[in-house]
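Asker: Starting off with a structure, shown below.
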Amino acid sequence: MNIILSLLERLATWRSFAVLLVLYAVVFGMIIATLSRLTALTGGIGILDFDQGYSAERVRQVFDSYGEQGFQLYGRIQLLDLANPALYSLIFACLIYLLWKNRSAVWMAVLPLAAGALDYSENLTLFLLARSYPNISDGLVGVSSTLSLVKNVALFASIAVLVIGLVLRAREKSAGGAK
C-alpha cells in the first residue's frame with residue numbers, strides 16, 4: 001500500500017493530471033466515436049460494458065446483433081479499452097490523493113485503482129466471451145457480470161470519496177477565508 005501511495009504522490013501533480021486528462025479525452029473520444037458506429041449498426045444495442053450485470057441471454061442478444069462488421073468495431077473498442085481503465089483510474093486516484101493527502105484516509109486513493117483492476121478483469125472476460133461466440137459459457141457470463149457489478153460499486157465509492165474530498169476542501173477554504 002505504501003508503494004502505491006508513494007507512486008501516487010509522485011504522479012499527483014497538476015501537470016501529470018493534465019497529461020492524463022488529455023490522453024483520456026483522446027482515448028475515450030475514440031471509444032465513443034467507435035461505439036456510436038456500433039450502436040448505429042446494431043440498432044441501439046451497444047456493448048455489455050455499460051450494463052449493470054447481465055445474463056447469458058443478454059450476452060447472446062448483444063453479440064447476435066453485431067455481425068462481422070460489429071465484431072470488428074467491438075474489437076477496436078476492446079483494444080482502446082486497454083488504456084481506458086488505467087487512465088480514468090489514475091485520474092481519479094491522483095485527484096483523491098491530492099484532496100486527501102493531509103488526512104489519515106489517504107489510502108482511499110487506492111479505490112479507483114481497484115476499480116480499474118476490476119475493469120480489466122471484466123474486459124478480459126468479455127474478450128473471452130466474444131472470442132468463444134457463438135458458444136456462450138454460463139459460468140464465464142456469471143463471473144463477467146459479477147465483475148461488472150463490483151467494478152461499478154468501486155467506481156461509485158471512488159466518486160463518493162472524491163465528492164466528499166471536494167466538500168471538505170471547500171469547507172476548509174471557506175473557514176480559512178473567514179478567519
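Listed here are the residues, each with its yes/no results for (1) at pLDDT 95 or above; (2) within 17 Å of the chain's Cα centre (by Cα).
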| position | (1), (2) |
| --- | --- |
| L5 | no, no |
| L35 | yes, yes |
| E68 | yes, no |
| L73 | yes, no |
| I77 | yes, yes |
| N102 | no, no |
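Asker: Hey, any hits in segment 111-128 for a residue that's farther than 30 Å from T39 by Cα and either outside any helix (DSSP H, G or I) or modelled with pLDDT of 95 or more (or both)?
Answerer: Yes, segment 111-128 contains at least one residue that is farther than 30 Å from T39 by Cα and either outside any helix (DSSP H, G or I) or modelled with pLDDT of 95 or more (or both).
Asker: Can you tell me which residues in segment 38-57 are surrounded by 15 or more Cβ atoms within 10 Å (Cβ to Cβ) and in a helix (DSSP H, G or I)?
Answerer: L38, T39, L41, L48, D49, A56
Asker: Among the numbered criteria (1) in a helix (DSSP H, G or I); (2) loosely packed, with under 15 Cβ neighbours inside 10 Å, which one does M108 miss?
Answerer: Unmet condition: (2).
Asker: Within segment 99-118, does at least one residue satisfy the condition of being among the hydroxyl-bearing types (S, T, Y) and touching a helix residue (DSSP H, G or I) at 6+ places or on another chain (Cβ under 8 Å)?
Answerer: The answer is no, given that none of the residues of segment 99-118 is among the hydroxyl-bearing types (S, T, Y) and touching a helix residue (DSSP H, G or I) at 6+ places or on another chain (Cβ under 8 Å).
Asker: Right, A114: touching a residue at least 40 places away in the same chain (Cβ under 8 Å) and either among the aromatic types (F, W, Y) or surrounded by fewer than 21 Cβ atoms within 10 Å (Cβ to Cβ) (or both) or not?
Answerer: In short, yes.
Asker: Could I ask something else about it? Only one of these is among the basic types (K, R), farther than 14 Å from P85 by Cβ and without any contact (Cβ under 8 Å) to a residue 12 or more places away in the chain: R131, R169. Name it.
Answerer: Among R131, R169, only R131 is among the basic types (K, R), farther than 14 Å from P85 by Cβ and without any contact (Cβ under 8 Å) to a residue 12 or more places away in the chain.
Asker: Shifting gears a bit: Kindly establish whether A157 is surrounded by fewer than 17 Cβ atoms within 10 Å (Cβ to Cβ), more than 13 Å from the chain's Cα centre (by Cα) and either part of a helix (DSSP H, G or I) or at pLDDT 95 or above (or both).
Answerer: Considered against the rule, which asks whether it is surrounded by fewer than 17 Cβ atoms within 10 Å (Cβ to Cβ), more than 13 Å from the chain's Cα centre (by Cα) and either part of a helix (DSSP H, G or I) or at pLDDT 95 or above (or both), A157 comes out as no.
Asker: Which residue out of L8, L82 is assigned to a helix (DSSP H, G or I) and out of contact with any strand residue (DSSP E or B) (no Cβ under 8 Å at 6 or more places or on another chain)?
Answerer: Being assigned to a helix (DSSP H, G or I) and out of contact with any strand residue (DSSP E or B) (no Cβ under 8 Å at 6 or more places or on another chain) holds for just one of L8, L82, which is L8.
Asker: Moving on. Can you give me the number of residues within segment 127-145 that are surrounded by 20 or more Cβ atoms within 10 Å (Cβ to Cβ) and over 12 Å from G53 (Cα atoms)?
Answerer: 1
Asker: Taking segment 40-61 as the region of interest, how many residues are polar (S, T, N, Q), at pLDDT 95 or above and within 20 Å of the chain's Cα centre (by Cα)?
Answerer: 0
The values are calculated or read from the model by the stated rules, or taken from the named source; none is laboratory data. Nothing here was measured: the structure is a model prediction, and the numbers come from that model. Cβ coordinates were reconstructed from backbone atoms using ideal geometry, including for glycine residues, and neighbour counts include every protein chain displayed.
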